[in-house]
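What follows draws every value from the coordinates through simple rules; no lab data is involved. All of these numbers come straight from a predicted model, not from anything done at the bench. Methodologically, a virtual Cβ is constructed for each residue, glycine included, from the backbone with ideal geometry; neighbour enumeration extends over all protein chains shown.
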Amino acid sequence: MTEPLQLPLQRFNHWLDRQPDAVWLRQPVAGIWHDFTWRQVDEQARRLASALLALGCLPGERVALLAKNCAEWFISDLATQHAGLVSVPLYPLQAPEQIAYVLQHAGCKLILVGKLDEPDKLAAGIGPHITRIAMPYPTMPAEHRWHELLAAHEPLAGSRQQRGDELLSILYTSGTTGQPKGVMLSAHAMAFSAAHATAEMGMTPQDQFFSYLPLSHAAERFLVEFNSLYCGAPVAFVESLETFASDLRRVRPTVFFSVPRLWTRFQQGVLEQLPAHKLERLLRIPLLGRLVARKVRAGLGLDRARILVSGAAAISTGLLDWYRRLGLTICEGYGMTEHFAYGCFNRPGQVRFGTVGRPMPHLQLRIDASGEILLRSETLMQGYYREPEKTAETLEGGWLHTGDRGQLDEAGYLRITGRVKDIFKTSKGKYVAPAPIEGEIAKSHWVEQVCLMGSNLDQPLALIELSPAARQQPQEVVGQALQAHLQALNERLAPHERISHFILVREAWTVDNGCMTPTMKIRRNVLEARYAGALAGLSASDAIVWEP
């Protein structure tokens, strides 16, 4: 990228001048698609900015966003920038108690609410002193409605000059342990990430994005919202979970981001229509195999996809290989909220399975003596909001201390080997890193999620949430398959790493029951506490244990 870095409002004005009547946002409502051009987005954002200022918001104050992905989410984000405010996105799956904590911690006086699955439940976390503006969807009660509010205010005039060092957004982490932390990201950091990513990936206005993962998560906001803003490509939204598959087939994105759990679900959907043994047999037939693979890609809606991304958690190499045989090469990447997800990435055509790729341009990476991954770039956060001690610890020496352990290979590809704090010590005094072993366990298509635990135990054991396909099979079939998988895995592990038991849990791990974060990461401390009782009285002869 050789041109001067444009800050977000500058970049929006660039496309407003160049392609004002091109469609940027596509929103389905009741099966009908509504298109928003750059000019229409600009007018709505400026009207909303006028309304926010008229409601008493002062420059620098924080405005919360609580909604599932939609065109109005983007418009609201732009409006806060026009008004000189700071956006604070909230996860639509967040517990009311965490919503209340974030609103209080960030000092939000106003919240924009939109499409939500359980609006009444989430409303309990929003105090009566906080003004609500409702986007034009069924949602919780609010003092102001979107269309009426915008109609009552003229578009904000002029063009506010953003500064690179101004605070643009506070992104609260999903809180795998303890309360969420507010990551402060500047206009320059967010612009730098998107400008260099779109240049590196060759993204253009001819690309097509599809937005469905929470925009409150740094990865979706970076990969979809900001990358589309910087490359000028349109974004289509999903209407609902029920219409997801048909919406995806209609949009046929060229850039598509998902997380490992959903990549697994997509695979399971294919195998429900075409059993694994039959699909494998067809793919081995040269001409027919290509036709079958093309049909599967079209059925998924990914027949035009040229950049497929997986992130947020580790994905098994077995799953990556399955997609590759269908002509879909998934590029695994690695990033954190603390540097706006601008980290390492497997570029298309340069993919090494089992790694998260090489550092993006202008990103420095090193592994310290303890094996921890340290990062430094212009995308680093300004710090954690109102937490100077945690900020100093995380940004010690000007480097982001990620808390992740990793290894670099001879070509500069990074392999994540686990979290620094996840490593546990068995009763024999031996240390075990769970992530690589969990990755091996997850290669079984009977496994949906896995958590290895073993602190102060003689040998590690694995908690396993079974896949939907496994739950439809007789216990005997699943048990025998997992027994063989465990035996083969233990033969490859060091003696102190060998797994004593697979405990097959009864209840799925979800955000609602506290076992998962809103970004679909497992909460190890919660799982370890929850299943501590299951460890008592385990039989040495039965390695596969079904939770009663």
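Testing the spin-label approximation: label points 7 Å from Cα along Cα→Cβ at N513 and L538. State their distance in nm.
1.9 nm
Two decimals is fine: what is log10 I(q)/I(0) at q = 0.15, 0.17, 0.18, 0.23 Å⁻¹ for region 423-546, from a Debye sum with one equal scatterer on every Cα and no solvent?
So the normalised log intensities are -0.66, -0.87, -0.98, -1.60.
With r defined as the distance between the Cβ atoms of E148 and A22 and R0 fixed at 25 Å, what FRET efficiency is calculated, to the nearest 0.05?
FRET efficiency, E148 to A22: 0.30.
Which order results if E440, E3 are arranged by neighbouring Cβ count within 10 Å, fewest first?
Lowest count first: E3, E440.
Each residue of region 264-278 in order: what ³J(HN,Hα) in whole Hz does its phi give by Karplus 6.51 cos²θ - 1.76 cosθ + 1.60, θ = phi - 60°, with x for Gly and Pro?
5, 5, 4, 4, 4, x, 5, 6, 5, 7, 9, x, 4, 5, 6
Please give, to one decimal in nm, the separation of the simple spin-label points placed at R304 and V420, each 7 Å out from Cα toward the Cβ.
With each label point 7 Å from Cα toward Cβ, the separation is 4.5 nm.
Provide the three semi-axes, in whole Å and in decreasing order, of the ellipsoid equivalent to the chain as defined by the square roots of 5 times the Cα gyration tensor eigenvalues.
With the √(5λ) rule applied to the chain, the semi-axes are 39, 27, 24 Å.
Which stretch or stretches of region 469-489 have amide N atoms under 20 Å from the point lying 7 Å from R498's Cα along the Cα→Cβ direction?
480-489
Under 16 Å from a point 7 Å along the Cα-to-Cβ line of K295: which residues of region 246-270 have their amide N that close?
Inside the label zone: 270.
What full-extension length gain, to one decimal in nm, is calculated for E43 and A369 as 0.36 nm per residue of separation minus the Cα-Cα distance?
Working it through step by step, the gained length comes to 112.0 nm.
Have a look at A442, S427, T417 and report the one farthest towards the positive end of the charge dipole of region 391-462, computed about the Cα centre with Cβ charges (Lys/Arg +1, Asp/Glu -1).
Of the listed residues, the answer is S427.
Whose amide H sits under 5 Å from the amide H of G403, counting only residues 5 or more places off or on another chain, with H placed in the peptide plane?
Residues meeting the criterion, in which the H sits 1.01 Å from N, are I373.
Test of understanding: what is the full-extension gain from L282 to R352, defined as 0.36 nm times their sequence separation minus their Cα-Cα distance?
Fully extending the segment from L282 to R352 adds 22.6 nm.
Using alpha carbons only, how many angstrom separate the centre of region 148-213 from the centre of region 452-513?
Their Cα centres are 40 Å away from one another.
Helix 38-54 versus the longest principal axis of the chain: what angle, 0 to 90°, nearest 10, using Cα atoms?
The angle comes out at about 80 degrees.
Taking the Cα centre as origin and putting +1 on Lys and Arg beta-carbons and -1 on Asp and Glu beta-carbons, what dipole magnitude results for region 423-546, to the nearest 20 debye?
In debye, rounded to 20, region 423-546 gives about 320.
Taking H placed 1.01 Å from N in the peptide plane, check which residues at least 5 places from V183 or on another chain put their amide H under 5 Å from its amide H.
HN-HN under 5 Å from V183: L171, Y172, T173, Y385.
What does the charge dipole of the chain about its Cα centre add up to, to the nearest 20 debye, if the Cβ of each Lys and Arg holds +1 and the Cβ of each Asp and Glu holds -1?
Here the size comes out at about 1140 debye.
How much of the DSSP beta bridge set in region 8-185 is antiparallel, as a percent to the nearest 5?
If I count the DSSP bridges inside region 8-185, around 40 percent turn out antiparallel.
How large is the helix-only mean residue ellipticity at 222 nm for the chain, computed as the sum of -39500 (n - 2.57) over DSSP H runs with n ≥ 4, divided by its residue count, in deg cm²/dmol to the nearest 500?
-9500 deg cm²/dmol
For E476 and F244, calculate 0.36 nm times their separation in residues minus their Cα-Cα distance, and state this gained length in nm to one decimal.
Separation in residues times 0.36 nm, less the Cα-Cα distance, equals 80.1 nm.
Once you sort the root eigenvalues of the Cα gyration tensor of region 155-271 as a ≥ b ≥ c, which label holds: rounded (a/c under 1.5), prolate (a/b larger than b/c) or oblate (the other case)?
Oblate shape, in that a/c is at least 1.5 and b/c is the bigger or equal ratio.
Calculate one ³J(HN,Hα) per residue across region 524-531 by plugging θ = phi - 60° into the Karplus curve 6.51 cos²θ - 1.76 cosθ + 1.60, and present them in order as whole Hz with x for glycine and proline.
4, 4, 5, 5, 4, 5, 5, 9
Can you list the residues, at least 5 places off or on another chain, whose amide H is less than 5 Å from the amide H of L466, using H built in the peptide plane?
Result for L466 returns E448, V505.
Please name which of Q382, A341, Q472 has its Cα lying farthest along the dipole of region 339-478 towards the positive end, using unit charges on Cβ (Lys, Arg +1; Asp, Glu -1) and the Cα centre as origin.
Sorting the options by dipole projection puts first A341.
Taking every DSSP beta bridge with both residues inside the chain, roughly what % is antiparallel (nearest 5)?
If we restrict to bridges inside the chain, about 55 percent are antiparallel.
Quick one: 3J(HN,Hα) in Hz for region 108-117, Karplus 6.51/-1.76/1.60 with θ = phi - 60°, rounded, Gly and Pro as x.
My calculation for region 108-117 gives 6, 9, 9, 9, 9, 10, x, 4, 9, 6 Hz in order.
Can you list, largest first and rounded to whole Å, the semi-axes you get for region 8-185 by taking the square root of 5 times each eigenvalue of its Cα gyration tensor?
Values for region 8-185, descending: 25, 19, 16 Å.
Percent relative contact order of region 411-490, based on C-alpha pairs within less than 8 angstrom and at least six residues apart?
Contact order relative to length: 24 percent.
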